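What follows is a short report on a single structure.
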Amino acid sequence: MSLDVRTVTASEIADWMKAVRTGFLTPLAEKPGEEVVADRFGDSDLSRMQGVFDEGRCVATFRSFAQQLTVVGGATVTADAVTGVTVSPTHRRRGLLSRMMATDLAAAKERGEVVASLIAAEYPIYGRYGFGPAAWNVEWEISVSRAGLDPRRTGQPADGGRIEMVDGADVRKIGPEVHTALAARQPGLVSRDDLWWRRSTGVAPRSEHETWTEPFYVVHRAANGEADGLLVYGVDEKWSDAKQPLNTASVRDMIALNPAAERALWHYLCSVDWVTTVRSGYRAPDDLLPLLLPDPRAARMVTHADWLWLRLLDVPRALEARTYGVEASLVLDVRDTAGLAGGRFLLDASDSGTRCTPTTRSADLALDVAELSTLYLGDESVRRLVDLGRAEELRPGVATTADALFRTGRRPWCPDVF
């Protein structure tokens, strides 16, 4: 039976959305109406939205959009952000994802996008397309009673800064400014457009099947009055049979520009009356949070998993965009079965700038594009990849040099799902 793999027309978006819900096991009772479609995809580039149709029924989905990714050193590169990838249970193992992925990555390469990015629902799927996990996330659960914080304090910082409760309109003004400042130095952050902020504050619908619940919004201001931290959280309502509060505060978003703001926001949240447990939301694996508490054991790690996956599309531009820990030269033999980013490249990092150019020199390190993508933001060790057989050390000692080049003092972090 012939399957039609193609871009989606405006009249087919509702069917495409229903297929996405089928793939993610969140089916709709009926097709979304015109208003929901317009809210969700009114500004989307339909040339980047693919579907597979079987006798008119959408059975597989794929979409991408332009995204800015912060790399090591604070520069940004344009990413082909992949999302909405599903294949209905009736049409698995027919190569449909491979066909859509090949089409999308070829188009992204043609447009000049430097990398492709995605959040992987399942680990084994995307390595075969050249993606590698480039940033991991963790979540902590804090027992407030064990944290060791003074229960008599008010939650206000003692260094001249202050905590303010604000509303969604304030967040739509302050949030982008704080996020932009953080993105200038935090590898792994991805851009948040105006629609992102409107959805996160309830102005635009996040999803056609979700009911909006207004969270609490908190801003931290430094002593000079400038906003340098934002906290968004919700609280459940749970009491024991003995009328004792057992409420959990769950963080939806927390970004801070300095450790003082970060400490103040966490201490504030742990001081809210009736909150006995705090769920941190997704944080970097080396986040300061546990050590900001007098008793770090009060923070129990409940999640530790891969999050942001990357796939380099232009090796020279990608490697020249970031900075490096030492001055060194390295010849990389990059394998790419898709033919998009493979080759032999000389990476020459110095204080005067970085150059990455094709070369015929003998390679120092050989690896697949997926492994280079894993290394890109500095979160993985070349030595580990060599020991795992996922990279080949062609010159003795080069793994040590490569680690000094690529690794960073703090791990990359991407708190957002897309």
If you compute Cα extents along the principal axes in Å for the structure shown, which of (1) 68, 58, 38; (2) 84, 48, 42; (3) 117, 67, 44 do you land on? (1)
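Given R₀ = 45 Å, what would the calculated FRET efficiency be for Asp54 paired with Trp239, taking r from the Cβ atoms and rounding to 0.05?
Working: r = 52 Å, r/R0 = 1.14.
It comes out at approximately 0.30.
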Other-chain or far-sequence residues with amide H under 5 Å of Val166's (modelled H): Tyr217, Val218, Val219
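Let me know the charge dipole size of the stretch 115-237 about its Cα centre in debye, to the nearest 20, where only the beta-carbon of Lys, Arg (+1) and Asp, Glu (-1) is charged. Could you put the intermediate results ahead of the total?
Values: 13 positive and 18 negative charges, 66 e Å.
The calculated dipole for the stretch 115-237 is roughly 320 debye.
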Between Arg344 and Val302, what length in nm is gained on full extension when 0.36 nm per residue of separation is reduced by their alpha carbon distance? 11.0 nm
Once you put a point 7 Å from the Cα of Thr103 and another 7 Å from the Cα of Thr337, both along the Cβ direction, what distance in nm separates them? 2.2 nm
What number, rounded to the nearest 500 deg cm²/dmol, is the helix-based mean residue ellipticity at 222 nm of the chain, given -39500 (n - 2.57) per DSSP H run of at least four residues and division by all its residues? -7000 deg cm²/dmol
Work from the charge dipole of the chain (Cβ charges, +1 for Lys and Arg, -1 for Asp and Glu, about the Cα centre) and give the residue of Tyr324, Val203, Gly397 farthest towards its positive end. Gly397
Taking the dipole about the Cα centre of the chain, with the C-beta of Lys and Arg at +1 and of Asp and Glu at -1, give me whichever of Ala366, Leu292, Ala349 is farthest to the positive side. Ala366
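What FRET efficiency would be calculated for the residue pair Ser362, Tyr123, taking the C-beta separation as r and a Förster radius of 51 Å, to the nearest 0.05? Working shown, then result.
Working: r = 34 Å, r/R0 = 0.67.
Efficiency computed from Cβ-Cβ geometry: 0.90.
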Determine the sum of side-chain charges near Ala363: Lys and Arg each +1, Asp and Glu each -1, restricted to other residues whose C-beta is under 15 angstrom from that of Ala363. -4
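For Leu289, what charge total do you get from the other residues with a beta carbon under 13 Å from its beta carbon, if Lys and Arg give +1 and Asp and Glu give -1? Write out the running numbers ahead of the final one.
Details: positive: Arg263, Arg279, Arg283, Arg297, Arg300; negative: Glu139, Glu141, Glu262, Asp286, Asp287, Asp295.
Net of charged neighbours comes to -1.
Nearest 0.05, what FRET efficiency do Arg172 and Arg383 give at R0 = 35 Å with Cβ-Cβ as r? Please list the in-between numbers first.
Details: r = 45 Å, r/R0 = 1.29.
The pair Arg172/Arg383 has a calculated efficiency of 0.20.
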If you place +1 on the Cβ of every Lys and Arg and -1 on the Cβ of every Asp and Glu, how big does the dipole about the Cα centre of the stretch 22-176 come out, in debye to the nearest 20? 500 debye
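Tally Lys and Arg at +1 and Asp and Glu at -1 over the other residues with C-beta under 13 Å from the C-beta of Ile125: what net charge comes out? Intermediate values should be presented prior to the final figure.
On the way: positive: Arg92, Arg93, Arg128, Arg311; negative: Glu122, Asp306.
Residues close to Ile125 contribute a combined charge of +2.
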Check: C-alpha center the stretch 345-418 vs C-alpha center the stretch 232-310, spacing in Å is 34 Å
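With +1 on each Lys and Arg Cβ and -1 on each Asp and Glu Cβ, and nothing else charged, work out how big the dipole of the chain is about its Cα centre, in Debye to the nearest 20.
With only Lys, Arg, Asp and Glu charged at Cβ, the dipole is about 580 debye.
Need the full-extension length gain, Thr180 to Gln156, defined as separation in residues times 0.36 nm minus the C-alpha distance. One decimal, nm. Mind dumping the intermediate values first?
On the way: separation 24, 0.36 × 24 = 8.64 nm, distance 2.52 nm.
Going from the current span to full extension adds 6.1 nm.
If you roll a 1.4 Å probe over the stretch 253-312 with all protein chains in place, what percent of the accessible area is carbon or sulfur? Present the calculation step by step, with values, prior to reporting the outcome.
Working: 1280 of 2360 Å².
Looking at the stretch 253-312 in its full context, I get 54 percent from C and S.
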Multiply the residue separation of Thr211 and Leu195 by 0.36 nm, subtract the distance between their alpha-carbon atoms, and state the gained length in nm to one decimal. 4.0 nm
Inter-label distance for Ser352 and Trp274, nm, one decimal - labels placed 7 Å from Cα along Cα-to-Cβ: 6.5 nm
In the chain, taking the dipole from +1 charges on Lys and Arg beta carbons and -1 charges on Asp and Glu beta carbons about the Cα centre, the listed residue (Ser88, Pro157, Ile13) farthest towards the positive end is Ser88
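Probe of 1.4 angstrom, ligands and nucleic acids ignored: what's the accessible area per residue over the chain, in square angstrom? Spell out each step's value before the answer.
Details: 19720 Å² over 418 residues.
Normalised by residue count, the accessible surface of the chain is 47 Å².
The values are calculated or read from the model by the stated rules, or taken from the named source; none is laboratory data. Here the structure is a predicted model, which means the values were calculated and not measured. All Cβ positions, glycine included, derive from the backbone under ideal geometry; neighbour counts span all protein chains shown. Just the protein is used for accessible areas: all its heavy atoms, side chains included, with ligands, DNA and RNA removed. Shrake-Rupley method; radii C 1.70, N 1.55, O 1.52, S 1.80 Å.
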